[in-house]
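Enquirer: Handing you this structure, nothing more for now.
Just so you know, all these numbers are worked out from the coordinates, no wet-lab data involved. Predicted model only: the values in this text are computed from it and were never measured. Here the Cβ positions follow ideal geometry from the backbone for every residue, glycine too, while neighbour counts run over all protein chains shown.
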Amino acid sequence: MGQTTRREFLKGSLCALCEAGILVSPLSLAFAGQKFNPSDPHVKEAYFYEKLKNKRVQCNTCPNRCVVEPGQRGKCRTKINLSGTLYTISYGNPCTIHADPVEKKPLLHFYPGTKAFSLAVAGCNFWCLNCQNWEISQTSPDKTRNINLPPEQAVELAGKHKCHSIAYTYSEATTFFEYMVDISSKARKKGIKNIYVSNGYISQEALDRLCTVIDAASINLKSFSDKIYWKLNGGHLEPVLNTLKTLHQRGVWLEIINLVIPTYTDDLEMIKKMCGWIVKNLGPDYPLHFSRFSPMYKLTKLPPTPVEILHQAKDIAGKEGLHHVYVGNVPGMGDKVICPGCKKPVVKRRGYTLLSVDIKEGKCGFCKQPVSGRWE
Ligand code: SF4
């Protein structure tokens, strides 16, 4: 299953805005460049930070733990220190909204065939050389065309569009943590699920809070090497592994995405180690998606991932014991969920269209073997 490109979701955003009706007024579109003021509804005090001497602050939302001088911003560009208080500048102010098939997140074992109301705020705590959404991830929320969408309106809009879930996606959800958590808790009360789509680079304290309100996570495990994490993404491996373990322990449904980039993350030995770690620490039942790289952003000189490498990675993962391994961004792959017992297809899709589900009460409709996921 492919991931959404910026072109697709900008197009989608406009469609969603038009359909939504309540959001099409130009008055509701805010352009930045304005001075930030704590009384602005889009400026909200950060949930996780501490005050230091001389009005400096330390943000504790993600493992970067930026120490921010007065008037300055953190690495993600979404948090600002105003006179010794840390604020998010993007609260209730996403740059895109769209109703996507949940399979596009990509989640293949989470309520198949449902729609996820997807939203993003500009900014990211990584700087991946291959980012496909760099035009919003590598800028700040005051440089994008935004929509006024307070949490209660986001939930209302998701309900109006018959979305089963809300996904925090496209850029990096952790960097709009406050907005995500507030929407999620309101959505829960209305019976709408919440999906965290992320690089998994979040502090333990923020994640603990998030786990109280989310239902599923799609986590990009970029590689299994700290050296590559720093060179390719500007982060570290260990915090991401901790995130995966916490999500597992807290009972959040989890699917892991690993983008296989030629010369960076296509080392099959490293992939084998990664799969071994997943089986040992998380068990064999969470889906792992090997995703095909396309030349992008600062890696335009690399070729697309040979499909053969993706198949080799899939074979390795199977031999390491993983039950559900998919190849993403390649047409026709990931169209079936296979029962780990009788090996019959229990979910069939064509692209993003759901054709059939043969799972009852979490068990294969043919042999009654449990199939991991959230189905009912
Ligand atoms: S969320 Fe942003 S400001 Fe906070 S620690 Fe992470 S990168 Fe720094």
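Enquirer: Just to be sure I understand: with springs between alpha-carbon atoms less than 10 Å apart, which residue in GLU320, GLU172, GLU308 has the highest mean-square fluctuation in the Gaussian network model of the chain?
Expert: Taking springs between Cα atoms under 10 Å, the residue moving most is GLU308.
Enquirer: Amide H neighbours of ALA167 under 5 Å, counting only residues 5+ apart in sequence or on other chains, H built in-plane at 1.01 Å?
Expert: PHE117, SER118, LEU119, ILE195
Enquirer: Here's something else I'd like to know. So for the range 336-376, averaging the separation of alpha carbon pairs under 8 Å that are six or more residues apart and normalising by length, what relative contact order in percent results? It would help to have the intermediate numbers written out before the result.
Expert: Details: 66 pairs, mean separation 12.8, N = 41.
With pairs under 8 Å counted, the relative contact order is 31 percent.
Enquirer: Just the number: Rg to Rh for the chain, Cα atoms, Kirkwood Rh, two decimals.
Expert: Details: Rg = 20.2 Å, Rh = 21.0 Å.
Taking Rg over the Kirkwood Rh, I get 0.96.
Enquirer: Could you size up the charge dipole of the chain around its Cα centre, putting +1 on the beta carbon of Lys and Arg and -1 on that of Asp and Glu, and report it in debye to the nearest 20? Before the final figure, lay out the partial values.
Expert: Working: 50 positive and 32 negative charges, 17 e Å.
About 80 debye.
Enquirer: Ok, one more. If you stretched the chain out fully between LYS55 and ASN242, how much longer would it get, using 0.36 nm times the residue separation minus the C-alpha to C-alpha distance? List each step's numbers first, then the result.
Expert: Details: separation 187, 0.36 × 187 = 67.32 nm, distance 3.12 nm.
The LYS55-ASN242 span can extend by a further 64.2 nm.
Enquirer: Quick one: work out the % antiparallel among DSSP beta bridges in the chain, nearest 5. Intermediate results must be reported in sequence, preceding the final value.
Expert: Details: 30 of 57 bridges.
Approximately 55 percent, going by the DSSP bridge assignments.
Enquirer: Would you grab the residues whose amide H sits under 5 Å from the one on ARG374? Only those 5+ places off in sequence or on another chain, please, with H modelled 1.01 Å from N.
Expert: Close amide H contacts, sequence-distant or interchain: PHE110, TYR111.
Enquirer: In whole angstrom, note down how far apart the Cα centers of the range 331-354 and the range 139-198 are.
Expert: 29
Enquirer: Between LYS301 and ARG350, what length in nm is gained on full extension when 0.36 nm per residue of separation is reduced by their alpha carbon distance?
Expert: Numbers: separation 49, 0.36 × 49 = 17.64 nm, distance 3.20 nm.
Stretched out fully, the LYS301 to ARG350 stretch lengthens by 14.4 nm.
Enquirer: Taking 0.36 nm per residue of separation and subtracting the Cα-Cα distance, what length does fully extending GLN312 through GLU69 add?
Expert: Values: separation 243, 0.36 × 243 = 87.48 nm, distance 4.82 nm.
Length difference between fully extended and current span is 82.7 nm.
Enquirer: While we're on this one: Given Cα pairs under 8 Å that are at least 6 residues apart, what percent is the relative contact order of the chain?
Expert: Numbers: 829 pairs, mean separation 52.6, N = 376.
Once divided by the residue count of the chain, the mean separation gives 14 percent.
Enquirer: Hey, in the GNM for the chain with a 10 angstrom Cα cutoff, which one of PHE36, PHE176, PHE290 fluctuates hardest?
Expert: Checking each option, the largest mean-square fluctuation is seen for PHE36.
Enquirer: Rounded to the nearest 500, what is the chain's calculated 222 nm mean residue ellipticity when only DSSP H runs of at least 4 contribute -39500 (n - 2.57) each, over all residues?
Expert: On the way: 8 runs with 91 residues, N = 376.
After summing the helix terms and dividing by residue count, I get -7500 deg cm²/dmol.
Enquirer: Right, something else. Residues of the range 86-102 with amide nitrogen under 19 Å from the 7 Å Cα-to-Cβ point of HIS161?
Expert: 91-102
Enquirer: Using the 10 angstrom Cβ neighbour count as an exposure proxy, how do LYS53, LYS186, LYS344 rank, fewest first? Intermediate values should be presented prior to the final figure.
Expert: Working: LYS53 6, LYS186 20, LYS344 14.
Taking fewest neighbouring Cβ atoms as first place, the list is LYS53, LYS344, LYS186.
Enquirer: Residue by residue through the range 266-272, which ³J(HN,Hα) values in whole Hz follow from phi under the Karplus form 6.51 cos²θ - 1.76 cosθ + 1.60 (θ = phi - 60°), with glycine and proline marked x?
Expert: Karplus values, whole Hz, x for Gly and Pro: 9, 6, 5, 5, 5, 4, 4.
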